[in-house]
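Take a look at the structure set out below.
The values are calculated or read from the model by the stated rules, or taken from the named source; none is laboratory data. On a predicted model such as this, the values are computed, not experimentally measured, just so you know. We place every Cβ from the backbone using ideal geometry, glycine too, and count neighbours over all the protein chains shown. Just so you know, the surface numbers come from the protein's heavy atoms only, side chains and all, with ligands and any DNA or RNA stripped out. Shrake-Rupley method; radii C 1.70, N 1.55, O 1.52, S 1.80 Å.
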Amino acid sequence: MRIDVVTLFPDFVRECAAVGVVGRAQQRKLLQVETWNPRDYTTDRHRTVDSSSYGGGPGMVMLIEPLRKTLEVVRNAAPEPAHVIYLSPQGARLTQGRVEALAKLPRIALLCGRYEGVDERLLAHEVDEELSIGDYVLSGGELAAAVIIDAVGRLQDGALNDAQSAEQDSFSDGLLDCPHYAKPVHDALGSVPEVLLSGDHAAIARWRHKQSLGRTWLRRPELLAQRALDAESRALLDEFRREYVTARN
Ligand code: 4FN
């Protein structure tokens, strides 16, 4: 897969994409990340990419022309059509479901805003989709682009090792993770739950699934509401709830 990023801070985005699983995916040619700076597609002496906002007010707006030229060069840089995404607080929330859909595309382009954002006319004509990583104020879209590159890059075939792929399968059922423990068995901070030392793989799987359901119910109930639980999961969650209520009294 190829990801083109249009940004005034290409070094930052490239460095984010160079580490860990995603950096390795690039080395293995499973993922290609290219950056494009709109400042390089200006024609004036000052390399102007922004201007004050019609209607007044303090903020600056990213100009149409440098972005149009940049996107034209981006589109022509490879034969596959690019699905162009503007990272913005006005976008639909990024979810693992949307990440999985993006990961199947041959090519996406990510447009990062700065200042007050991009002239609306450029968005209307050049952008296919607007996505947001969450509800907080950022100073630019670059971190959102880095989030998409990470989430999508790690899903490319061959990017994860076997252990990570197995873990990936358990995330993708939409539940929170169960608690994890390593050595020592006994510590001043507490002991490892008995079942994890039992060697009973079925009992361990059952305990982990129950913890995942229980923590999701406690901490992110809206995630549970979004999915239908099978009979076994419902039984495990009921068990968790009963134990939870008992432990409180
Ligand atoms: N942010 C809010 C309301 C109004 C403005 C902002 C804001 C960077 C160019 C956009 C922010 C958050 C998630 C991109 C935020 C994201 C951005 C994102 C982002 C500079 C203009 C701006 C109500 C959400 C708090 C600045 C809410 N996901 N404006 O942050 O690009 O992708």
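Number of residues in region 148-167 that are in contact (Cβ under 8 Å) with a residue 60 or more places away in the chain and within 16 Å of the ligand (Cβ to nearest atom): the value is 4. Filter region 54-108 for residues that are within 12 Å of the ligand (Cβ to nearest atom), surrounded by 12 or more Cβ atoms within 10 Å (Cβ to Cβ) and outside any strand (DSSP E or B) and give the result. Within region 54-108, LEU94 is the sole residue that qualifies. Residues in region 229-249 that are acidic (Asp, Glu) and within 30 Å of the chain's Cα centre (by Cα): ASP230 alone.
If only residues of region 115-130 that are in contact with a strand residue (DSSP E or B) (Cβ under 9 Å, 6 or more places away or on another chain) and of a type outside the set (D, E, K, R) are counted, the one that is most open to solvent (accessible area, probe 1.4 Å) is TYR115. Among the residues of this structure, GLU142 counts as one that is more than 28 Å from TRP217 (Cβ to Cβ) and at pLDDT 95 or above. Scanning region 19-53 for residues that are open to solvent by 90 Å² or more (accessible area, probe 1.4 Å), free of Cβ contacts under 8 Å to residues at least 24 places away in the same chain and not aliphatic (A, V, I, L, M) returns GLN27, LYS29, THR43, ARG45, HIS46, ARG47.
Inspect all residues belonging to region 201-216 and state whether any of them is in contact with a helix residue (DSSP H, G or I) (Cβ under 7 Å, 6 or more places away or on another chain), more than 30 Å from SER88 (Cβ to Cβ) and not in a helix (DSSP H, G or I). No - not one qualifying residue is present in region 201-216. Of all the criteria given as (1) open to solvent by 50 Å² or more (accessible area, probe 1.4 Å); (2) part of a strand (DSSP E or B); (3) of a type in the set (A, V, I, L, M), the one not satisfied by LEU111 is (1).
For beta carbons closer than 6 Å, sequence separation of 6+ or different chains, a first residue in region 73-98 that is farther than 16 Å from SER132 by Cβ and a second that is of a type in the set (Asp, Glu), the qualifying pairs are VAL74/ASP4; HIS83/ASP128. For region 43-53, filtering for residues that are assigned to a loop (DSSP other than H, G, I, E, B) and under 20 Å from GLU120 (Cβ atoms) leaves 3. Residue count for region 205-245, restricted to those that are closer than 17 Å to CYS178 by Cβ and of a type in the set (Val, Ile, Thr): 1. Scanning region 131-147 for residues that are more than 6 Å from the ligand (Cβ to nearest atom), open to solvent by less than 10 Å² (accessible area, probe 1.4 Å) and within 16 Å of ARG98 (Cβ to Cβ) returns LEU131, ALA145.
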